[in-house]
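K.L.:
Please find one structure pasted underneath; my questions will follow.
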Amino acid sequence: MGRFSTTAKLYLSHEDKPKELLFQWYEFKFGEKRAGEILAVFELNEVDPKTQQTESIFDLEEIEITPENFPPKLYITKLMKNKIYEIPDEIMPDLKSYEIDVMFWGLRECRPINFQSIQQAEVSIDCAGVRMTKAIKDVQKYPNFESTSTNSDTYKIIVSLPKDNNFWPHLSICCVQHRLFGMKEPIGNLVVTDLQKYITNNRNRNDKSIRQLALDADAATLDIQNKPLLKRETSMFERQISQIKTPYEKQQSTMSHNSLAQEDSVEKSEIQTQPSNDNDDKLESSIDSYQQLTTLDRSKRDQMEKSASWWSKYYASKAKLRLEKKTKHDLDEELQLSYNVYADFFEDESKVVTNQALILLNKAKKAFINLGKFGKKFERFAVNEFAHLADYSKIKSFIEESLDIIEIDHLKELTLLQTFDIIETELENINHYGGFNDCLEKFPLYKGKGTNRSDEKGDESRVYAKFKGKLRIHEITLDERRSTLGNISSSRRMSMYPVLFTAKRESDTEQRRDSHIHTNQEMSQLDLNHHPITLKCRLYIIKALLFRSWDASGKADPYIKILLDREVIIDDVKGRLYNTLEPVFGRCFEFELTIPQQSLLRIQLWDWDLTNFDDKIAETSIDIENRWFSCHRATCGLQKRYDSAGYNVWRDTKPPVVILHSLCQTVKLDLPVYATDFCSLTIGDVRFDCDPECIEFIKNTKSNDLLHRKVYHESPNEYLRQNTALAALHAWGKKINQKGALVSEHIECRSLVDPLRPDIEQGKLEMWLDIFPMSRPPSSAPVNITPLKPMPYQLRVTIWNTSNVELNDENFITGEKTSDIYVKAWILGEQDDGQQTDIHYRSLTGEGNFNWRFIFNFNYIDIEEKIVHEKKESVFQIGNTLRKLPPRIVIRVYDADLFVADDFLGECVLNLTHLPMGAKIAKKCKSDILLNSKHRALNLFVHKRVAGWWPMIAPRKSEEIRDTALLGGKVEAEFCLLRAEEAEKNPVGIGREAPQALDEPNRPKTSFLWFTSPWKTFRYVIWRNFRWTILIAVVIFIFVIFVLIALWTLPAELVKITLNTIFRTNTG
């Protein structure tokens, strides 16, 4: 099996030897793998050369090999060469008596071995030398162990264990199957190493809530159509249960000092393992601060609730979760800043937060939170003294801050609706619920080589079956042990071997105790092999998030498969979604199952392929049996408010009053006593108050305005009574039983894993599960979680003018600044629905005139405030790719260039749900309209039409220092939002086209394109700027021509004149 090496302590004959030797665990290995542990102590003594004998520290007493010393099951049949000695009493650890309760429930998730299914199986549990064995004759047909009230006592053993938990032995669970001809084949085994977690503080635990569940389960096993049989069996079961008294823990008058000490230590350990609640309380108070509703908020909430659906509740819960995260993030940033301030104040030279600093930060969190006003004053003082701390702060742009505040305001408005808990992990991982292992626990049995310890994670492929049962260990008092072992002859010392109780001794002991009905005894009353429980389940799958792609396009085509154990019951290949890694299913699957045959629910996601076999993406599994029997009531979550009508209608088959009444009967508490106005109730000495919001709603609302939350035939007092009982149920885990918190309404985000690679998470799945017994099936229809269909809208944007646009071009001839302005806008994307106006050429003042209309058609989801856009990204793509975008319109101003890329001059991003009011005139249009989050704004989906001037934020250029204005221009526009059917009745044209054509803009005569208008270029560019130069040049040119002509003709004229003079003289 393995080996280990150690060094023994050498004691010489002349040395003084210690009187105490401590046992120690030694780990032996097989190669490099861990093979086991052995508890031993080693002593090496010198042999006296004279006497040839060894002087040991303690005298060893030999044990004879006889049936009296070794029972038949441990009888040694081989010839022993070495002697066996008894461990000296002096080095034995101090012992305590414990009772180990083992409940054999059944085998689950059995897989075939060598292509043969497991039929007859036997489970044995070993602890400290005692073995308990239980067999199942037919695992496939009857997966539970046969149990009756007569043999259930054999599952209890009393054992003497060391006071030091480090010396406790391990517990082994082994399962074998019986083959033909008496062959036994191992199925798997598990070594439970952490027995301490199964210790209970006292015997009267809070497991009594299983009583009512057992009653419900027994009623559910019967045929609901056979009403006489159902009534008779239910009453018989109730009489059997009521024969045993179950006193409540708080009514016990005495409790031993040891049990109190153990309880305190356990509570302290639990507090240390759980995070501090101070931050959570501070966070909760900060989140609920905006829930102090004003009259306007109440009116707005009532209007929202009248038209709300389940998706409204979903997005309200998402909004609340997002606000909580943001508040927590801001709190952490504040604490980080506080730490840096205090560290610098006390001359901490390190500015980088090291591991020690993080530890100090965690320790200082609580102190900083409690400092209050003094801490804030001290912080401000330190910040003023150390100006360099500004480098640690995060600087955001004005636009980002404005959009963040707008989003926060929208989230706060959503939280006016009812919400539920969004759990970002599995429901079993919540500390309050303890994995729903309070009644049943599942132990994986590993087959083959490899680790099989409970404190180590083994390979799931080696698990061929899982043992389901329950272990409990509790200390028994000395009087109980004496009464139990009175007929047993006392030995010389306490043996470490446990003593198996007989049925008679256990019965005698139980008569002397103030006992209660144990969980294993209660559940043993249920013969589920012959009377299985039939349940109806409603599985709601909302959406999924996949972490990797499964197609060549980088997306996936997911669909859902639902299995019970290994049987496929739902294959929703027709409901597949195309080209998405964030599928929104919005599906409810309703099915029936039987316990124990079908106890494991498996939800799988598959990727659909056209030509190849479908690929399995990942899966998640839920143990329905554990949820059904858990005392946390994980069948149907408790809603935060009881409504008999509307979007928050009560889903459970029992109203809160009935649930609370049966719960008090289960744990033997006083029944709830309601006040005369039904606004409060008391259970014993504990008081529970109704939600003040419900009281205010009933008392201050007219009867006609109550119908969106309660049905007309329900009285206001009954409505308050139900909500008061619901408040008590929510506070049950805080005021009555801290370990019995009830599951509230929730959505759990379960991890999707591949069984072949269980350590790699493949995605997340948002879902919840409702479980109902067939004896009380749900009468209402399932909750409608069908994905919301987007509404078609048409946005008409008319661009009238621009002003103060930056002049980006310079004429190389004249040197004047101009810009060829045009406006471009889009909603879905520049390449998808981008539109632009014509060009206003040669704007000399930054003014542009357009009279141009944009038309944008889009689909919009109101509650989500998202625009839904579907398109094909490839010609060969099957189906469309869906994107969700915020409802924002982007308006940009460009300077058109002929041979190079156009220059970007300014941008205006407007949120259609929070559209700032534009200025009436251009002079009053400033950048604060976009940058100031407190500027007056409106929802275009409500007001439909708005017009005005809006600023254009200029882009920051390199090495340019701008002030906070960042103004790059102004645009005059008009927005008109219509539904698709309204737009069809009143059509308009794009640009300036008909119908409802727009007039041509009155642009100055200087607006033209020089390339196509040479005459205008000469007139408005050259002549306007070089008029006198041209005139002077013409005059000079004429004069020069005149001079040149004169110079050209002057010699001829002189010669002519001379000749005429000469010849005329001669003739004359």
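K.L.:
Leaving out ligands, DNA and RNA but keeping every protein chain, what accessible area does Arg633 have, in Å² rounded to the nearest 10, with a 1.4 Å probe?
P.N.:
Probe radius 1.4 Å; accessible area of Arg633 about 40 Å².
K.L.:
Leaving out ligands, DNA and RNA, what percent of the accessible area of the range 590-734 is carbon and sulfur, probe 1.4 Å?
P.N.:
Numbers: 2990 of 5730 Å².
Answer for the range 590-734 is 52 percent, counting heavy atoms of protein chains only.
K.L.:
Still on this model: Could you compute Rg(Cα) / (2.2 N^0.38 Å) for the range 642-710, with N its residue count?
P.N.:
1.28
K.L.:
Cα-Cα pairs above 26 Å in the range 604-730: how many percent?
P.N.:
When all Cα pairs of the range 604-730 are counted, 39 percent exceed 26 Å.
K.L.:
So if I place +1 on the C-beta of Lys and Arg and -1 on the C-beta of Asp and Glu, and nothing else carries charge, what would the dipole magnitude of the range 791-1007 be about its Cα centre? I want it in debye, nearest 20.
P.N.:
Dipole size: approximately 820 debye.
K.L.:
I would also like to ask the following. May I ask you to give the solvent-accessible area per residue for the range 791-1007, in square angstrom, as obtained with a 1.4 angstrom probe?
P.N.:
Details: 11030 Å² over 217 residues.
Using a 1.4 Å probe on heavy atoms only, each residue of the range 791-1007 averages 51 Å².
K.L.:
Could you look at the range 791-1007 and say what percent of its accessible area is carbon and sulfur, using a 1.4 Å probe and all protein chains?
P.N.:
Exposed carbon and sulfur together represent 49 percent of the surface.
K.L.:
To continue, here is another question. Determine how large the accessible area of Thr653 is when every protein chain is in place; take a 1.4 Å probe and give Å² rounded to the nearest 10.
P.N.:
50 Å²
K.L.:
Keeping all protein chains in place and using 1.4 angstrom, which order do Glu984, Glu907, Glu592 fall into by accessible surface area, from largest down?
P.N.:
Details: Glu984 150, Glu907 50, Glu592 100 Å².
In descending accessible area the options line up as Glu984, Glu592, Glu907.
K.L.:
Quote the accessible area belonging to Ile617 in square angstrom, nearest 10, computed with a 1.4 Å probe and with ligands, DNA and RNA left uncounted.
P.N.:
0 Å²
K.L.:
Sticking with this one: Taking only protein heavy atoms into account and a 1.4 Å probe, give the accessible area per residue of the range 533-773 in Å².
P.N.:
Per-residue accessible area for the range 533-773 comes out at 39 Å².
K.L.:
Follow-up. Give, rounded to the nearest 20 debye, the magnitude of the charge dipole that the range 533-773 has about its Cα centre when Lys and Arg contribute +1 at Cβ and Asp and Glu contribute -1 at Cβ.
P.N.:
Details: 31 positive and 35 negative charges, 117 e Å.
The calculated dipole for the range 533-773 is roughly 560 debye.
K.L.:
With all protein chains present and a 1.4 Å probe, how do Ser874, Ser843 order by accessible area, largest first?
P.N.:
Details: Ser874 55, Ser843 5 Å².
The ranking, largest first, comes out as Ser874, Ser843.
K.L.:
Report, to two decimal places, the Cα Rg of the range 791-1007 normalised by 2.2 N^0.38 Å (N = number of residues).
P.N.:
1.07
K.L.:
Also, I was wondering about something else. Report, in listed order, any pair from Lys300/Lys320; Lys306/Lys536; Lys163/Lys739; Lys884/Lys970; Lys412/Lys739; Lys442/Lys739 with a Cα-Cα distance greater than 23 Å.
P.N.:
Lys306/Lys536; Lys163/Lys739; Lys884/Lys970; Lys412/Lys739
The values are calculated or read from the model by the stated rules, or taken from the named source; none is laboratory data. This one's a predicted model, so the numbers in the text were calculated from it and none came from an experiment. All Cβ positions, even for glycine, are placed from backbone atoms using ideal geometry, and neighbour counts span all protein chains on display. We work out accessible area using only protein heavy atoms, side chains counted, and drop any ligands, DNA or RNA first. Shrake-Rupley method; radii C 1.70, N 1.55, O 1.52, S 1.80 Å.
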